[in-house]
Amino acid sequence: MNNQFTHPKERIRFAILTFFFAQGLCMASWASRIPDFKDVFAANYAFYWGLILFMIPVGKFVAIPLAGYLVSKLGSRSMVQVSILGYASSLLCVGLAHEVYLLGFLLFCFGVFWNLCDISFNTQGIEVERLYGKTIMATFHGGWSLGACAGALIGFVMILAGVSPIWHYTLIFIIILIIALSGRKYLQESAPQEAEVSDTKTKERNTAKAPNGFRLLFQKPEMLLLQLGLVGLFALIVESAMFDWSAVYFESVVHVPKSLQIGFLVFMIMMATGRFLTNYAYRLWGKKKVLQLAGSFICIGFFVSALLGGVFEAMAMKVIVNSLGFMLVGLGISCIVPTLYSFVGAKSKTPVSIALTILSSISFIGSLIAPLLIGAISQAFDIRIAYMLIGILGGCIVLIVSFSSAFDIRESAAKPEPDK
């Protein structure tokens with residue numbers, strides 16, 4: 001039985017949003033303590049620390065075909081529950097790591113469950129978006145960002161209070177467990193393979209003409225997904241630069257005390273704010289214009305922080321200027337991923353979970369190379385140089401969106417109904 005017939009759609013929507021919240025909470029809880037782990041393992045060599053962080057995107061990348069296959073075979077409802085509990089459990093185990101090799105393995109597992117969450121959650125989000133008949137994906141990603149803000153804030157408080165990562169992560173695990181148990185009954189049933197047919201002849205005809213979900217992963221993707229994926233690739237390099245290095249940036253470049261290391265926090269606050277404003281922005285300008293503005297904000301934000309963040313002597317001005325740059329990046333990156341997923345739901349002819357997997361396969365190359373890229377540039381030159389180069393990718397996003405046909409969409413589709 002489909003849950004949409006037994007529960008009000010508002011409750012279903014809220015429940016899915018809480019799962020996105022839980023994923024964001026888990027991610028930010030890790031990111032907020034990165035400087036602590038860097039100190040514990042004495043990873044002062046930037047490229048060496050980049051190698052350790054590299055294990056997360058490796059796990060995400062390895063899990064891409066697995067995620068698409070499991071979601072298409074078992075349905076997103078089951079995989080949402082498995083993935084979020086695995087994600088929280090791997091975070092808890094990271095807090096117990098005392099050897100760098102064990103830390104690397106656990107971060108690999110963290111990346112695997114991260115990707116399982118991405119595919120299963122967004123498949124659920126698209127199902128609910130179809131239930132509503134309008135674009136609401138950005139609000140789900142807003143829930144993720146809200147959770148990330150909460151995780152960053154909790155992490156900030158835990159650091160100031162001197163609480164060790166293991167007790168910090170135990171609290172996060174308990175919160176996520178409660179969310180998972182409370183919201184599981186509202187998850188939507190998505191038919192395995194997203195192509196179940198009851199008529200035997202129709203089923204045989206479809207089987208003969210169309211490959212199964214696993215084979216679709218290895219066929220040439222439609223051009224739409226390639227174009228969306230390139231923007232996603234640049235966006236995930238930007239996200240990785242902020243998730244993995246923003247706290248390190250404030251510590252090693254801005255040289256502020258722990259009580260003022262708010263870069264990651266303000267970035268996440270603006271990311272959450274931007275996602276809740278995204279539907280309104282769609283109505284004003286359309287999705288294509290929103291992506292163009294997003295790329296511009298990313299470019300400007302990185303250059304503000306890298307070029308102006310160290311100009312002032314006063315500590316307060318350093319914090320303000322760098323925070324302004326990080327806020328612009330957060331506002332810019334906020335809408336890119338949900339907008340790409342929304343384009344998939346509106347325009348792609350590939351089954352949703354497979355299309356999201358293909359999009360992720362291309363995009364995650366960005367998160368795969370980002371830790372090594374930023375670590376190598378920072379070691380050879382300076383992290384400011386690395387941030388300026390990442391900022392240029394914002395300009396690349398503007399160019400791709402402006403000249404690619406993938407982002408052309410009918411005005412009626414670009415301006416959805418008001419989000420109630």
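The values are calculated or read from the model by the stated rules, or taken from the named source; none is laboratory data. A quick note: this is a predicted structure, and the numbers were derived from the prediction, not measured. All Cβ positions, even for glycine, are placed from backbone atoms using ideal geometry, and neighbour counts span all protein chains on display. Side chains are part of the model used for accessible areas, which takes the heavy atoms of the whole protein and leaves out ligands, DNA and RNA. Shrake-Rupley method; radii C 1.70, N 1.55, O 1.52, S 1.80 Å.
Can you find even one residue in region 301-313 that is under 26 Å from Met137 (Cα atoms) and over 18 Å from the mean Cα position of the chain (by Cα)?
Yes, region 301-313 contains a residue that is under 26 Å from Met137 (Cα atoms) and over 18 Å from the mean Cα position of the chain (by Cα).
Report those helices (runs of 4 or more DSSP H) wholly inside region 171-287 carrying at least 1 residues which are under 20 Å from Ala28 (Cβ atoms) and modelled with pLDDT of 75 or more.
The helices (runs of 4 or more DSSP H) meeting that bar are 223-252, 263-285.
Got a number for residues in region 278-293 being among the hydrophobic types (A, V, I, L, M, F, W, C) and in contact with a Cys (Cβ under 8 Å, 6 or more places away or on another chain)? Before the answer, list the steps.
First, the residues of region 278-293 that are among the hydrophobic types (A, V, I, L, M, F, W, C): 281, 284-285, 290-291, 293.
Pick out the ones that are also in contact with a Cys (Cβ under 8 Å, 6 or more places away or on another chain) and you get 281, 290-291.
Counting residues in region 278-293 that are among the hydrophobic types (A, V, I, L, M, F, W, C) and in contact with a Cys (Cβ under 8 Å, 6 or more places away or on another chain) gives 3.
Please name all residue pairs, on different chains or six or more residues apart, with Cβ atoms under 8 Å, provided the first residue is in region 80-109 and is in a helix (DSSP H, G or I) and the second residue is polar (S, T, N, Q) and surrounded by fewer than 17 Cβ atoms within 10 Å (Cβ to Cβ).
Pairs that qualify, where the first residue is in a helix (DSSP H, G or I) and the partner is polar (S, T, N, Q) and surrounded by fewer than 17 Cβ atoms within 10 Å (Cβ to Cβ), are Leu92/Thr170.
Which one is nearest to Met27 (Cα to Cα), of the residues in region 115-130 that are of a type in the set (A, V, I, L, M, F, W, C) and more than 14 Å from the chain's Cα centre (by Cα)?
So, considering only residues that are of a type in the set (A, V, I, L, M, F, W, C) and more than 14 Å from the chain's Cα centre (by Cα), the one nearest to Met27 (Cα to Cα) is Ile126.
Can you tell me which residues in region 104-146 are open to solvent by less than 10 Å² (accessible area, probe 1.4 Å) and aromatic (Phe, Trp, Tyr)?
Once the filter is applied, which keeps residues that are open to solvent by less than 10 Å² (accessible area, probe 1.4 Å) and aromatic (Phe, Trp, Tyr), region 104-146 yields Phe110, Phe121, Phe140.
Inspect region 280-296 for any residue being surrounded by fewer than 24 Cβ atoms within 10 Å (Cβ to Cβ), under 22 Å from Ile374 (Cβ atoms) and in contact (Cβ under 8 Å) with a residue 60 or more places away in the chain and give the result as yes or no.
Yes - at least one qualifying residue is present in region 280-296.
Please pick out the residue among Cys109, Cys93 that is of a type outside the set (S, T, N, Q) and more than 25 Å from Ile365 (Cβ to Cβ). Break it down into steps so the answer makes sense when it comes.
Numbers: Cys109 fails: more than 25 Å from Ile365 (Cβ to Cβ).
Within the list Cys109, Cys93, the selection yields Cys93.
In region 70-84, how many residues are touching a helix residue (DSSP H, G or I) at 6+ places or on another chain (Cβ under 6 Å) and surrounded by 18 or more Cβ atoms within 10 Å (Cβ to Cβ)?
Number satisfying all stated conditions: 9.
Hey, Leu307 hits all of (1) closer than 21 Å to Ala150 by Cα; (2) in contact (Cβ under 8 Å) with a residue 60 or more places away in the chain but one; which does it fall short on?
It is condition (1) that Leu307 fails.
Report whether or not Arg77 is touching a Gly at 6+ places or on another chain (Cβ under 8 Å), of a type in the set (Lys, Arg) and under 20 Å from Lys185 (Cα atoms).
For Arg77, the condition - touching a Gly at 6+ places or on another chain (Cβ under 8 Å), of a type in the set (Lys, Arg) and under 20 Å from Lys185 (Cα atoms) - is not met.
Return the residues of region 387-406 that are among the aliphatic types (A, V, I, L, M) and open to solvent by 10 Å² or more (accessible area, probe 1.4 Å); say none if nothing qualifies. Lay out the reasoning, then the answer.
If we filter region 387-406 for residues that are among the aliphatic types (A, V, I, L, M), which is where we start, we get 388-390, 392-393, 397-401, 406.
Correct list: Met388, Leu389, Ile392, Leu393, Val398, Leu399, Ile400.
Based on what the data block shows, is Ser342 under 29 Å from Val62 (Cα atoms), assigned to a helix (DSSP H, G or I), open to solvent by 10 Å² or more (accessible area, probe 1.4 Å) and of a type in the set (Gly, Ala, Ser)?
Values: under 29 Å from Val62 (Cα atoms): yes; assigned to a helix (DSSP H, G or I): yes; open to solvent by 10 Å² or more (accessible area, probe 1.4 Å): no; of a type in the set (Gly, Ala, Ser): yes.
So Ser342 fails the test.
For region 345-386, give me each residue that is among the aromatic types (Phe, Trp, Tyr) and either surrounded by fewer than 19 Cβ atoms within 10 Å (Cβ to Cβ) or modelled with pLDDT of 85 or more (or both).
Selection gives Phe381 alone.
Assuming Tyr101 fulfils every condition listed in (1) modelled with pLDDT under 90; (2) open to solvent by less than 50 Å² (accessible area, probe 1.4 Å); (3) of a type outside the set (Val, Ile, Thr) apart from one, which condition is it?
(2)
Do we find a residue being modelled with pLDDT under 85, assigned to a helix (DSSP H, G or I) and surrounded by fewer than 16 Cβ atoms within 10 Å (Cβ to Cβ) anywhere in region 26-45?
yes
Residue by residue through region 243-269, note down the ones that are closer than 24 Å to Ser334 by Cβ and β-branched (Val, Ile, Thr).
Passing the criteria: Val248, Val253, Val254, Ile262, Val266, Ile269.
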